Amino acid sequence: MHILGRQVRFSVKPFASEQRADNVYVSTPINEGLSFYLELSVKIKGSVNPDTGFVVNVVDIDRIVLKEAFPIFSKRLSDNFKSGRDTGYSELVELLGLTWCALSGRFDGARLSELSLNLNPFRKMTIDSKEFEMVYYSEKFEFSAAHKLWNDKFSKEENFEAFGKCANPNGHGHNYTVEVTVKSPAGKGGFSIGGFEKIVDDELIKILDHKNLNEDLEFFTKAIPTVENIAIFAWDRLIGRLDQIKLHCVTIWETERTYCSYYGL
Ligand code: NI
């Protein structure tokens with residue numbers, strides 16, 4: 001069994017009727033001015049067709065997603081824009097649910113397993129086939145911090161052997177990225193992105209930002225501040241503090257190439 005992923009980029013422009021599709025890598029449709037840019041990430045589970053080597057041909061995914069999903073978003077966003085109405089989080093959840101229903105069963109022998117709406121590169125909302133009634137919301141934050149990877153039980157030589165240049169006794173710094181994913185029932189209102197951001201900022205980012213992790217935070221006197229342990233620290237800081245929504249996952253990027261996700265287990 002394979003899971004095939006495909007991202008479909010499109011733009012809704014309520015100001016003009018003409019839509020052009022010149023570069024699918026950028027967005028299709030798109031035109032030359034401002035628009036609401038959105039991405040749908042589709043994951044499709046299925047077996048590989050021995051004749052084609054595909055689970056589903058991505059050209060078909062693009063065609064089906066655009067045919068089904070684009071009108072759902074285009075009509076609602078345009079109508080709201082023209083009548084001066086905001087399109088809030090609950091309405092986006094509704095549109096994502098409608099899109100899921102429109103795409104289900106459209107990929108021959110393969111099955112839609114996950115659908116994400118990327119509102120921008122830092123915020124996304126996801127539904128999946130395992131818990132269809134839940135919506136996952138993910139948002140990225142940043143902080144800068146210094147750390148040193150060092151274990152007092154090791155000799156100096158053993159520390160450098162285990163941690164390499166990260167054992168530099170005077171420390172070094174990173175610009176970290178944190179992605180926090182929470183889940184809440186799709187039909188239930190009350191989730192506020194602003195409220196969520198404030199909690200993450202107050203309970204996590206302000207605690208870590210511009211700190212020397214080894215020196216300033218007691219947690220890291222007992223735990224080496226690796227990306228794995230920072231993920232546990234972040235989970236512990238946030239669990240139980242998010243009101244009615246449930247923490248699902250925390251991912252810490254130390255660099256673009258080094259990251260770790262923690263699910264609390
Ligand atoms: Ni480091």
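The values are calculated or read from the model by the stated rules, or taken from the named source; none is laboratory data. Keep in mind that what you see is a predicted model, and the values were worked out from it rather than measured. Virtual Cβ from ideal backbone geometry, glycine too; neighbours counted across all protein chains shown. Ligands, DNA and RNA are stripped out before the accessible areas are found, and what is left, the full protein with its side chains, is counted by its heavy atoms. Shrake-Rupley method; radii C 1.70, N 1.55, O 1.52, S 1.80 Å.
When the range 6-16 is examined, which residues are found to be open to solvent by 50 Å² or more (accessible area, probe 1.4 Å) and modelled with pLDDT of 90 or more? Even if it seems obvious, please write down each step before you answer.
Filtering the range 6-16 down to residues open to solvent by 50 Å² or more (accessible area, probe 1.4 Å) leaves 6-7, 9, 15.
Within the range 6-16, ARG6, GLN7, ARG9 meet the criteria.
Yes or no, residue by residue, for (1) open to solvent by 70 Å² or more (accessible area, probe 1.4 Å); (2) part of a helix (DSSP H, G or I); (3) touching a helix residue (DSSP H, G or I) at 6+ places or on another chain (Cβ under 7 Å); (4) over 19 Å from SER116 (Cα atoms):
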{"residue": "TYR25", "(1), (2), (3), (4)": "yes, no, no, no"}
{"residue": "TYR37", "(1), (2), (3), (4)": "yes, no, no, no"}
{"residue": "ASP51", "(1), (2), (3), (4)": "yes, no, no, yes"}
{"residue": "ASP62", "(1), (2), (3), (4)": "no, yes, no, no"}
{"residue": "LEU66", "(1), (2), (3), (4)": "no, yes, no, no"}
{"residue": "ARG76", "(1), (2), (3), (4)": "no, yes, yes, no"}
{"residue": "THR87", "(1), (2), (3), (4)": "no, no, yes, no"}
{"residue": "GLU94", "(1), (2), (3), (4)": "yes, yes, no, no"}
{"residue": "TRP100", "(1), (2), (3), (4)": "no, yes, no, no"}
* Asked: Conditions: (1) under 30 Å from GLY88 (Cα atoms); (2) open to solvent by 30 Å² or more (accessible area, probe 1.4 Å); (3) modelled with pLDDT of 95 or more. HIS210 meets all but one. Number of the miss?
  -> (1)
* Residue that is surrounded by the most Cβ atoms within 10 Å (Cβ to Cβ) [pool: residues in the range 213-238 that are closer than 24 Å to SER192 by Cβ and more than 18 Å from the chain's Cα centre (by Cα)] -> ARG237
* Structure fact -> For the range 248-265 the number of residues that are closer than 12 Å to ALA231 by Cα and among the basic types (Lys, Arg) is 0
* Asked: So which residues in the range 78-94 are at pLDDT below 95 and under 15 Å from SER35 (Cβ atoms), if there are any at all?
  -> SER78, PHE81, LYS82, THR87
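Those residues that are near the ligand (Cβ under 9 Å from one of its atoms) and either part of a strand (DSSP E or B) or more than 30 Å from PHE122 (Cα to Cα) (or both), I need them from the range 147-159; list them, please.
HIS147
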* To do: Select from the range 135-161 the residues that are over 25 Å from PHE196 (Cα atoms) and in contact (Cβ under 8 Å) with a residue 12 or more places away in the chain and list them in ascending order.
  => ALA146, HIS147, LYS148, LEU149, TRP150, ASN151
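So for the range 172-179 (the condition being over 22 Å from CYS260 (Cβ atoms) and either open to solvent by 40 Å² or more (accessible area, probe 1.4 Å) or hydroxyl-bearing (Ser, Thr, Tyr) (or both)), does at least one residue qualify? Even if it seems obvious, please write down each step before you answer.
Taking the range 172-179 first, the residues over 22 Å from CYS260 (Cβ atoms) are none.
No.
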* Asked: Does GLY189 satisfy being surrounded by fewer than 14 Cβ atoms within 10 Å (Cβ to Cβ) and touching a Ser or Thr at 6+ places or on another chain (Cβ under 6 Å)?
  -> yes
* To do: Answer yes if at least one residue in the range 112-131 is touching a residue at least 40 places away in the same chain (Cβ under 8 Å), of a type in the set (Lys, Arg), away from the ligand (no atom under 16 Å from the Cβ) and outside the structural domain of VAL200 (by TED's automatic domain parsing), and no otherwise.
  => yes
